[in-house]
Amino acid sequence: MSEVVYPPESIYNSLPKTEVRTQKPQRYMSKFRPTVILEEKANKDTMRTMGPAKVEVASPDQYTKKHFKEPKLAKKTHPSKEFCHSCTVKKPPVPARTDNPPMGIHTKRDFIKTTTLVPMKPQPTCVDSKGHKQLLENSGLVPKYLKKKDYGEVPEYLIQRNEEKQRAQEDYENFVKEQKEQGAIKLMSDMERQALLEDLKKNWDKLHHEYQGLSLVTDTLSKKAHKEQLEAAMKQLEDDIDLFQKFKTIYIPNH
């Protein structure tokens with residue numbers, strides 16, 4: 001059986017077809033092309049050998065010697081006596097102790113006395129084990145903060161924060177007192193809190209036992225939904241247990 005696939009017969013296939021030829025745009029030619037060709041031909045055969053074509057060969061007497069390529073310094077030349085200028089002008093001598101200062105300028109300050117009374121002392125430094133050097137005052141080894149006037153006092157921001165905390169506690173106590181007087185809330189006893197806490201823990205144990213009995217592979221939507229429901233219920237019970245364990249005083253509304 002032939003595997004040649006023929007196109008479907010159509011009346012349009014019998015009509016003569018005209019070939020459509022597209023004209024390509026003219027190829028870009030640089031205007032510098034003739035100049036480049038001439039330059040390439042002119043310099044093509046100049047270096048066909050190993051180096052320039054014609055080089056002056058050195059004579060056998062001028063062979064390469066040791067330290068031939070090292071640069072040579074110019075020889076020192078002694079200047080002639082014509083260019084030597086002798087110093088004829090001398091500096092003025094040092095003034096004596098008995099000489100008066102020029103222009104009548106005189107100071108009463110005794111520099112020798114001031115330098116001997118207040119000598120310049122070097123600042124004490126500290127060097128750590130790694131060799132870093134710093135001033136002893138900034139190293140933390142000198143108790144300079146103990147000498148401050150406000151040392152050991154409570155900062156202002158801590159006082160302000162404690163006052164705000166105490167004010168909030170008083171507002172809460174007043175609110176609870178008003179609600180008690182109106183009979184809207186009541187205090188949960190310790191026995192009720194412990195009983196409710198034990199019930200919450202038992203419910204969590206039941207859910208945890210059911211959660212451990214789930215299949216390892218959650219390949220269906222129902223299994224996945226059941227697992228997520230158990231995890232959400234266990235999380236809510238854990239939050240409730242933490243709340244009852246954290247707060248010893250619990251108020252509940254009166255219905």
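A compact table of results
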item: Restricting the stretch 75-123 to residues that are aliphatic (A, V, I, L, M) and in a helix (DSSP H, G or I), the residue that is modelled with the highest pLDDT; result: ILE112
item: Identity of the residue in the stretch 214-255, under 29 Å from ILE185 (Cβ atoms) and part of a loop (DSSP other than H, G, I, E, B), that ends up least open to solvent (accessible area, probe 1.4 Å); result: ILE250
item: Close pairs from the stretch 181-207: first under 12 Å from LYS248 (Cα atoms), partner of a type in the set (A, V, I, L, M, F, W, C), Cβ under 7 Å, at least 6 apart; result: MET188/ILE250; MET188/ILE252; ARG193/PHE244; ARG193/ILE250; LEU197/ILE241; LEU197/PHE244
item: Any hit, the stretch 204-211, residues being in a helix (DSSP H, G or I), farther than 30 Å from CYS126 by Cβ and among the hydroxyl-bearing types (Ser, Thr, Tyr); result: yes
item: Test: residue in the stretch 182-199 that is assigned to a helix (DSSP H, G or I), over 30 Å from VAL127 (Cα atoms), out of contact with any helix residue (DSSP H, G or I) (no Cβ under 9 Å at 6 or more places or on another chain) and modelled with pLDDT under 85; result: yes
item: Odd one out for CYS126, checked against (1) modelled with pLDDT of 85 or more; (2) loosely packed, with under 10 Cβ neighbours inside 10 Å; result: (2)
item: Every residue from the stretch 88-117 that is of a type in the set (Phe, Trp, Tyr) and open to solvent by less than 100 Å² (accessible area, probe 1.4 Å); result: none
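The values are calculated or read from the model by the stated rules, or taken from the named source; none is laboratory data. Every value quoted in this text rests on a predicted model; they were computed, and no experiment measured them. Backbone-built Cβ (ideal geometry, glycine too); neighbour counts: all protein chains shown. Each accessible area value is taken on the protein alone, full model and side chains, heavy atoms only, with ligands, DNA and RNA left out. Shrake-Rupley method; radii C 1.70, N 1.55, O 1.52, S 1.80 Å.
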